[in-house]
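S.K.: Just passing along the structure, written as structure tokens.
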Amino acid sequence: MQDRPTKLVEYQTYIDGKWTGAQSGKMFETSDPYTGEAWARIPECDKVDADLAVEAASRAFETGPWSKMTATARGKAMRRIAQLIEKHAEHLAQIEVRDNGKLISEMAAQTKYLPEWFYYYGGMADKICGSVVPVDRPDHFNYILREPVGVCSFITPWNSPLMLTGWKLAPALAAGCTVVIKPSEYTSASLLEFMKLVIEEADIPPGVVNVVTGYGAVVGEPLVTHPKVAKVAFTGGTATGARVNELAARTFKKVSLELGGKSPNIVFDDCILDDAVSGAISGIFAATGQTCIAGSRLLVQETIHDQFVEKLVAMAKQARLGNPQLYETQVGPVTTPPQYQKILGYIDIAKSEGARCVLGGGPATAEDGGGKYFVKPTIFTGVDNKMRIAQEEVFGPVLSVIKFKDEDDAVRIANDIAYGLGSGVWTQSVRRAHSMAQKIKAGTVWVNTYRAVSFTMPFGGYKASGLGRENGAEAIDGYLQSKSVWINNGPGGGNPFIMKTAG
Ligand code: NAD
């Protein structure tokens, strides 16, 4: 176990290029989920700080050096950001693990990969082209400008703080926007380190990237309602996302939402069994199940069900629970005490619904004897898709195994859910792979792999899993708007009382 820190690290937040506390002077503590001990103090911002940050972002957008910078220079600045992330990747990962308890092997892989987002979108900055339109009027030269939307608010969850920020920040900066970021109150530290080691070092002008820290309802909502915010990019729970969407609609903001999931991971009897077992395990137990794309509903074809479950349990049993800062650990603690209680509550619900617990099913202690908030990797069989354990997001290491007959049955069960984020298909049939990919209603379908993401591929949800897409070339559209320019090179005049709808 880590020692209890004798002195808490004190963080400041970053507004208008300056380090500051909350105007109220309030702070809150952030804890290490492995030790359960507080290790740092974070400014507890409120509406006053949110307003200051939005005003700073608005000035930077309207009149600051950023607004005058060429797109090529913006791209260069983004490459500096990428290089600085590369330099500090391991340190940033360690801070994330300290705050959210996810495995260092996963968080380090994320921070090492994150520069790619800034290289990719940085390269796009000076390739955002408008177009000339052959409009249906004589003597006209019409064109479309693509302009940045303006000030953007980002609100992020605790499970992958920097990665999910980078998915928003890179296209927003490439488009020329300015931003205010509110990280989760559970995991603010890595973003504040990122601001110091990366954004400040990269000489990004004041006000372009601002951070306010604190609680969602207190400092998150003012970022969603502020009239000078043009776009809100939110990642978090579906209920919070609905609230954010409603509030943002009142002032007609653009909104993108990356929300919860209950993803089906579908195993056909023609799969490579060992690959599918590994895919099922990493789909649910990686990151202690605390990922939006967790393959939490495992649909197994009835012909191989018993054999598959036996292999699954045998492999899952071997998981090494322990200190998430060690590379050999395979399952870490749950991030927050409320989340820990919620997971245990769902395990009870599953048992009371009649699902059969074939592995785990309760609290655990790490192998080194240390640690708090550990839950045993848990597998339920005999799950009916109508049960709450199959329909509701647990966000923990709890797998529901559901039997199916054939392809049609698998598609019916997979789609009989409010969510539509990820999905997996394990098969060797090319026909079946493409057919399933077309029929599953989800933003991502992985075939013979699971939980892969890339800056080049759009990511997002169908149905209650969200609105809009992050990543891939199309993500930049979420930070741009079109302006139609009409130039009449011919005679003006005509009937002043009739709209010029016809040529
Ligand atoms: P959450 O919804 O509780 O919080 C997310 C963020 O919203 C936090 O920063 C929080 O402070 C803020 N917030 C809370 N109430 C708010 C309000 N009224 N107004 C504005 N902001 C508010 O989610 P969480 O528990 O931090 O994260 C877990 C959830 O995130 C899960 O449902 C998971 O599926 C989802 N998630 C989705 C994706 C995705 O890409 N689809 C990725 C990661 C996590």
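Table: residues versus (1) touching a residue at least 12 places away in the same chain (Cβ under 8 Å); (2) buried (at least 22 other Cβ atoms within 10 Å of the Cβ); (3) among the hydroxyl-bearing types (Ser, Thr, Tyr).
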position: SER24; (1), (2), (3): yes, no, yes
position: ASP32; (1), (2), (3): yes, yes, no
position: TRP39; (1), (2), (3): yes, no, no
position: ILE42; (1), (2), (3): yes, yes, no
position: ASP49; (1), (2), (3): yes, yes, no
position: LEU52; (1), (2), (3): yes, no, no
position: LYS76; (1), (2), (3): yes, no, no
position: GLN83; (1), (2), (3): yes, no, no
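S.K.: Go through the stretch 295-333 and report how many residues are open to solvent by 10 Å² or more (accessible area, probe 1.4 Å) and either outside the structural domain of ASP406 (by TED's automatic domain parsing) or not hydroxyl-bearing (Ser, Thr, Tyr) (or both).
M.R.: 22
S.K.: All but one of (1) among the basic types (Lys, Arg); (2) more than 30 Å from LYS372 (Cα to Cα); (3) more than 24 Å from the chain's Cα centre (by Cα) hold for ARG79, so report the exception by its number.
M.R.: (3)
S.K.: Could you go through the stretch 446-455 and let me know if any residue there is charged (D, E, K, R) and either more than 16 Å from the ligand (Cβ to nearest atom) or surrounded by fewer than 15 Cβ atoms within 10 Å (Cβ to Cβ) (or both). Steps first, please.
M.R.: So the first thing to find is which residues in the stretch 446-455 are charged (D, E, K, R), and the list is 451.
From the residues that got through so far, the ones that are either more than 16 Å from the ligand (Cβ to nearest atom) or surrounded by fewer than 15 Cβ atoms within 10 Å (Cβ to Cβ) (or both) too are none.
Checked against the condition, which is being charged (D, E, K, R) and either more than 16 Å from the ligand (Cβ to nearest atom) or surrounded by fewer than 15 Cβ atoms within 10 Å (Cβ to Cβ) (or both), the stretch 446-455 yields no hits at all.
S.K.: Can you say whether THR251 is in contact with a Leu (Cβ under 8 Å, 6 or more places away or on another chain), open to solvent by 10 Å² or more (accessible area, probe 1.4 Å) and within 16 Å of the ligand (Cβ to nearest atom), as far as the supplied structure shows?
M.R.: Values: in contact with a Leu (Cβ under 8 Å, 6 or more places away or on another chain): no; open to solvent by 10 Å² or more (accessible area, probe 1.4 Å): yes; within 16 Å of the ligand (Cβ to nearest atom): yes.
So THR251 fails the test.
S.K.: Please verify whether ILE266 is open to solvent by 10 Å² or more (accessible area, probe 1.4 Å), in contact with a strand residue (DSSP E or B) (Cβ under 8 Å, 6 or more places away or on another chain), away from the ligand (no atom under 16 Å from the Cβ) and at pLDDT 95 or above, treating the condition exactly as stated. Working first, answer last.
M.R.: On the way: open to solvent by 10 Å² or more (accessible area, probe 1.4 Å): no; in contact with a strand residue (DSSP E or B) (Cβ under 8 Å, 6 or more places away or on another chain): yes; away from the ligand (no atom under 16 Å from the Cβ): yes; at pLDDT 95 or above: yes.
So ILE266 fails the test.
S.K.: Next up: I want to confirm something. Restricting to the stretch 315-365 and keeping residues that are of a type in the set (Ser, Thr, Tyr) and more than 12 Å from VAL375 (Cβ to Cβ), which single residue is farthest from the chain's Cα centre (by Cα)? Break it down stepwise before answering.
M.R.: We begin by selecting, within the stretch 315-365, every residue of a type in the set (Ser, Thr, Tyr); these are 327, 329, 335-336, 340, 346, 352, 365.
In the following step, the residues that additionally are more than 12 Å from VAL375 (Cβ to Cβ) were identified as 327, 329, 336, 352.
Numbers: TYR327: 23, THR329: 24, THR336: 18, SER352: 32 Å.
Within the stretch 315-365, the match that is farthest from the chain's Cα centre (by Cα) is SER352.
S.K.: Another question, if that's okay. I'd like the full set of residues that are within 12 Å of the ligand (Cβ to nearest atom), of a type outside the set (A, V, I, L, M) and either in a strand (DSSP E or B) or more than 19 Å from LEU480 (Cβ to Cβ) (or both), limited to the stretch 153-183.
M.R.: Result: SER153, PHE154, THR156, PRO157, TRP158, ASN159, SER160, PRO161, THR165, LYS182, PRO183.
S.K.: With the structure loaded, tell me whether ILE144 is over 30 Å from LYS500 (Cα atoms) and either within 15 Å of the ligand (Cβ to nearest atom) or in the same structural domain as LYS87 (by TED's automatic domain parsing) (or both) or whether it fails that test. Show your work before the answer.
M.R.: Numbers: over 30 Å from LYS500 (Cα atoms): no; either within 15 Å of the ligand (Cβ to nearest atom) or in the same structural domain as LYS87 (by TED's automatic domain parsing) (or both): yes.
So ILE144 fails the test.
S.K.: Can you find a residue in the stretch 214-230 that is more than 21 Å from ALA57 (Cα to Cα), within 9 Å of the ligand (Cβ to nearest atom) and open to solvent by less than 40 Å² (accessible area, probe 1.4 Å)?
M.R.: no
The values are calculated or read from the model by the stated rules, or taken from the named source; none is laboratory data. Since the structure is predicted, the reported quantities are computational estimates derived from the model, not experimental observations. Here Cβ is always computed from backbone atoms with ideal geometry, including for glycine, and neighbour counts include all displayed protein chains. Ligands, DNA and RNA are stripped out before the accessible areas are found, and what is left, the full protein with its side chains, is counted by its heavy atoms. Shrake-Rupley method; radii C 1.70, N 1.55, O 1.52, S 1.80 Å.
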